[in-house]
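K.L.:
Here it is, the structure, as structure tokens.
The values are calculated or read from the model by the stated rules, or taken from the named source; none is laboratory data. Bear in mind that the values here come from a model prediction, so they are computed numbers and not experimental data. Note: ideal-geometry Cβ built from the backbone for every residue, glycine included; neighbour counts use all protein chains shown. The protein model used for the area step is the full one, side chains on, heavy atoms only, and it has no ligands, DNA or RNA in it. Shrake-Rupley method; radii C 1.70, N 1.55, O 1.52, S 1.80 Å.
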Amino acid sequence: MGQPAEVLRFDRVELRRWRVNDIDTLHRVITESRDHLLPWMPFAATHDRKQGTAFLTYSEEQWATGQEYLYAITSGGVVAGSCGLHRRIGTGGLEIGYWLHHAWTGKGLATMAAAALVQAARKLPGIDRVEIHHDKANSASGAVARRLGFTELEHVQVSDGPEAPGETGIDVRWRLRI
């Protein structure tokens, strides 16, 4: 099974694989953006250093097994958020996820990061599609998918309802064949 590169570049972003020793940076980025992340990211409500360390350890374990490839989004050498490729949509598919520090939104970085992930997915054996899933109320995530040429597939009621305060509990699913 092939793996993507540990560093990916697209336009003004560089994605680099998260490592356990990134705890200080990860903690700062999440803590500074807690209010911005709370509506969409359930982890933001309870984030602390212990949770951050667990995420980074998980990230390294998942990379080793080929189940997930999690990256820090950087621009100009500064960590601006996080993204990843996730094997959770069935054989041949990868789901893309992303979030940004509040100071880096509106600059196209999420789109650039997702584009870098699409390019990486195209190079992996057996991958024929990538998807982006987001809550219906999160129009910014939908805009990323639209800009990259994804096709909106469906709206799906989440069985457990909304996980974060800004969510409606309806997932919008987008797909790009590669």
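K.L.:
HN-Hα J couplings of the range 129-137 from phi, Karplus 6.51/-1.76/1.60, θ = phi - 60°, integer Hz, Gly and Pro as x?
P.N.:
7, 10, 10, 10, 10, 8, 5, 3, 6
K.L.:
Using only the heavy atoms of the protein chains and a 1.4 Å probe, how would Asp24, Asp160, Asp135, Asp128 rank by accessible area, largest first?
P.N.:
Details: Asp24 95, Asp160 130, Asp135 10, Asp128 65 Å².
Sorted by accessible area, descending: Asp160, Asp24, Asp128, Asp135.
K.L.:
For the chain, what is the convex hull (Cα atoms) projected area averaged across all directions, in square nanometres?
P.N.:
Working: hull surface 37.7 nm².
That works out to 9.4 nm².
K.L.:
To the nearest 20 Debye, how big is the dipole of the chain about its Cα centre, given +1 on the beta carbon of each Lys and Arg and -1 on that of each Asp and Glu?
P.N.:
Values: 21 positive and 21 negative charges, 120 e Å.
Its charge dipole is roughly 580 debye.
K.L.:
Could you work out the local net charge near Gly90, counting Lys and Arg as +1, Asp and Glu as -1, over the other residues with Cβ closer than 11 Å to its Cβ? Intermediate results must be reported in sequence, preceding the final value.
P.N.:
On the way: positive: Arg87, Arg88, Arg129; negative: Glu95, Asp128, Glu131.
Net charge in that neighbourhood comes out at 0.
K.L.:
Also, I was wondering about something else. What net charge is computed for the residues neighbouring Arg173, neighbours being all others with C-beta under 10 Å from the C-beta of Arg173, Lys and Arg scored +1, Asp and Glu -1?
P.N.:
Values: positive: Arg175; negative: Glu95, Glu131, Glu152, Glu154, Asp171.
Charge balance in the 10 Å sphere: -4.
K.L.:
Using a 1.4 angstrom probe on the protein heavy atoms only, could you order Ser159, Ser59 from most to least accessible area? Show your work: numbers first, answer last.
P.N.:
Details: Ser159 115, Ser59 0 Å².
In descending accessible area the options line up as Ser159, Ser59.
K.L.:
Quick one: which residues, 5 or more positions from Asp135 or on another chain, have an amide H under 5 Å from its amide H? H modelled 1.01 Å from N in the peptide plane, none for Pro or chain starts.
P.N.:
The answer is Val172.
K.L.:
Keeping all protein chains in position, work out how much accessible area His36 exposes to a 1.4 Å probe, and write it in Å² to the nearest 10.
P.N.:
Surface accessible to solvent at His36 totals approximately 70 Å².
K.L.:
Please report the orientation-averaged projected area of the range 41-144, defined via the convex hull of its C-alpha atoms, in nm².
P.N.:
Averaging across all directions leaves 7.4 nm² for the Cα convex hull.
K.L.:
So, one more: Checking the cross-link filter: which lysines have an alpha carbon closer than 23 Å to that of Lys136, excluding same-chain neighbours under 8 positions apart?
P.N.:
Within the straight-line cut-off, Lys136 pairs with Lys107.
K.L.:
Distance between Cα centroids, the range 38-67 to the range 151-178: provide it in whole Å.
P.N.:
The range 38-67 and the range 151-178 have Cα centres spaced 21 Å from each other.
K.L.:
How much net charge surrounds Phe55 when only the other residues with a Cβ under 12 Å from the Cβ of Phe55 are counted, with Lys and Arg +1 and Asp and Glu -1?
P.N.:
Local charge sum for Phe55: -2.
K.L.:
Just to check I understand the Karplus step: with θ = phi - 60° and J = 6.51 cos²θ - 1.76 cosθ + 1.60, what whole-Hz values come out for the range 78-84, glycine and proline as x?
P.N.:
Calculated HN-Hα couplings, in order: 9, 6, 10, x, 9, 7, x Hz.
K.L.:
Still on this structure, please answer the following. Hydropathy at least 1.0 by Kyte-Doolittle, axial extent at least 15 angstrom from the Cα trace: which helices of the chain, defined as entire DSSP H runs, fit?
P.N.:
109-122
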